[in-house]
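To keep things clear, I will list the structure first and then write my remarks on it.
The values are calculated or read from the model by the stated rules, or taken from the named source; none is laboratory data. Everything numeric in this text was worked out from a predicted model, so none of it was measured. When we count neighbours, we look across all protein chains shown, and the Cβ atoms used for this are built from the backbone with ideal geometry, even at glycine.
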Amino acid sequence: MSDGFNCFKCHHKCKAGCCAVTPIEIDIYQRNLDKRLRLVVEEDTTMDKWIVPITDDLKCTFLKDDFTCNIYHDRPHVCKKFGDETHLMMTCVFQDKNGRERSRQERRNLERKTNKKQVYSLQYLIDNLDKF
């Protein structure tokens with residue numbers, strides 16, 4: 001029996017590849033300003049109730065060196081939903097929503113699909129923020 005999706009289960013493999021530039025609710029971001037670990041070079045504030053902190057390496061500003069989240073208990077809703085497979089960009093290439101580790105072939109297939117979609121992923125998140 002699976003314990004369900006668990007982000008920490010595969011971090012040693014994926015190196016938190018999903019923890020990239022992401023829209024964050026402004027209240028969560030402001031509440032955790034002192035917990036930022038990566039220098040924010042730009043803040044996109046053009047969206048109502050959301051901010052997109054952009055770092056030099058395009059990783060989340062709250063991502064630790066061990067690939068865990070510095071604000072895990074107060075993380076954005078989109079991060080909480082990651083892995084639920086409601087959209088390709090919410091799908092982990094290393095495990096399915098039930099926590100089953102994917103085969104090498106499954107990962108490759110998902111990576112191909114994901115690479116094609118990455119250009120549109122931030123736009124997808126922006127367009128669908130009200131669903132998160």
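What single numbered condition from (1) in contact (Cβ under 8 Å) with a residue 60 or more places away in the chain; (2) assigned to a loop (DSSP other than H, G, I, E, B) fails to hold for PHE8?
With (1) in contact (Cβ under 8 Å) with a residue 60 or more places away in the chain; (2) assigned to a loop (DSSP other than H, G, I, E, B) applied to PHE8, the lone miss is (2).
Taking region 43-56 as the search range and keeping residues that are surrounded by 11 or more Cβ atoms within 10 Å (Cβ to Cβ) and farther than 13 Å from TYR29 by Cα, which one is nearest to the chain's Cα centre (by Cα)?
Selected residue: THR55.
Here's a check for you: in region 30-64, which residue that is charged (D, E, K, R) and in contact (Cβ under 8 Å) with a residue 24 or more places away in the chain is farthest from LYS9 (Cα to Cα)?
Start the filter on region 30-64 by keeping residues that are charged (D, E, K, R), which leaves 31, 34-36, 38, 42-44, 48-49, 56-57, 59, 64.
With the extra rule that they be in contact (Cβ under 8 Å) with a residue 24 or more places away in the chain, the set shrinks to 31, 35-36, 38, 49, 59, 64.
On the way: ARG31: 28, LYS35: 24, ARG36: 24, ARG38: 24, LYS49: 32, LYS59: 20, LYS64: 16 Å.
In this case the residue turns out to be LYS49.
Going by the structure shown, is MET89 in a loop (DSSP other than H, G, I, E, B) and in contact (Cβ under 8 Å) with a residue 24 or more places away in the chain? First the steps, then the outcome.
Working: in a loop (DSSP other than H, G, I, E, B): no; in contact (Cβ under 8 Å) with a residue 24 or more places away in the chain: yes.
It is false that MET89 is in a loop (DSSP other than H, G, I, E, B) and in contact (Cβ under 8 Å) with a residue 24 or more places away in the chain.
So which of ASP34, ASP48, ASP3 ends up being within 26 Å of LYS97 (Cα to Cα) and out of contact with any strand residue (DSSP E or B) (no Cβ under 7 Å at 6 or more places or on another chain)? Reasoning before the result, please.
Working: ASP34 fails: within 26 Å of LYS97 (Cα to Cα); ASP48 fails: within 26 Å of LYS97 (Cα to Cα).
Exactly one of ASP34, ASP48, ASP3 is within 26 Å of LYS97 (Cα to Cα) and out of contact with any strand residue (DSSP E or B) (no Cβ under 7 Å at 6 or more places or on another chain), namely ASP3.
Could you count how many residues in region 9-42 are under 14 Å from ARG75 (Cβ atoms) and loosely packed, with under 12 Cβ neighbours inside 10 Å?
1
Answer yes or no as to whether ASP3 is charged (D, E, K, R), closer than 20 Å to CYS92 by Cα and touching a residue at least 60 places away in the same chain (Cβ under 8 Å). First the steps, then the outcome.
Numbers: charged (D, E, K, R): yes; closer than 20 Å to CYS92 by Cα: yes; touching a residue at least 60 places away in the same chain (Cβ under 8 Å): yes.
Against the criterion (charged (D, E, K, R), closer than 20 Å to CYS92 by Cα and touching a residue at least 60 places away in the same chain (Cβ under 8 Å)), ASP3 qualifies.
Given the criterion out of contact with any strand residue (DSSP E or B) (no Cβ under 6 Å at 6 or more places or on another chain) and of a type in the set (A, V, I, L, M, F, W, C), identify the matching residue among LEU58, LEU63. I'd like the intermediate steps shown before the answer.
On the way: LEU58 fails: out of contact with any strand residue (DSSP E or B) (no Cβ under 6 Å at 6 or more places or on another chain).
After applying the criteria, what remains is LEU63.
Any chance you could count how many residues in region 52-69 are assigned to a strand (DSSP E or B) and more than 10 Å from CYS19 (Cβ to Cβ)? Full working, then the answer.
Our first condition is that a residue be assigned to a strand (DSSP E or B); within region 52-69, this holds for 52-55, 59, 63, 69.
Next, only the ones that are more than 10 Å from CYS19 (Cβ to Cβ) stay: 52-55.
Of the residues in that region, 4 qualify.
Tell me which of these ILE71 doesn't satisfy, since it passes every other one: (1) aliphatic (A, V, I, L, M); (2) under 15 Å from PHE5 (Cβ atoms); (3) modelled with pLDDT of 95 or more.
(2)
Kindly indicate which of GLU111, GLU106 is at pLDDT 90 or above and within 25 Å of ASP3 (Cβ to Cβ). So that I can check it myself, show each step before the final result.
Numbers: GLU111 fails: at pLDDT 90 or above.
Only one candidate qualifies: GLU106.
Regarding CYS18, is this residue in a helix (DSSP H, G or I), at pLDDT below 95 and either among the hydrophobic types (A, V, I, L, M, F, W, C) or over 21 Å from ASN98 (Cβ atoms) (or both)?
Values: in a helix (DSSP H, G or I): no; at pLDDT below 95: yes; either among the hydrophobic types (A, V, I, L, M, F, W, C) or over 21 Å from ASN98 (Cβ atoms) (or both): yes.
In short, no.
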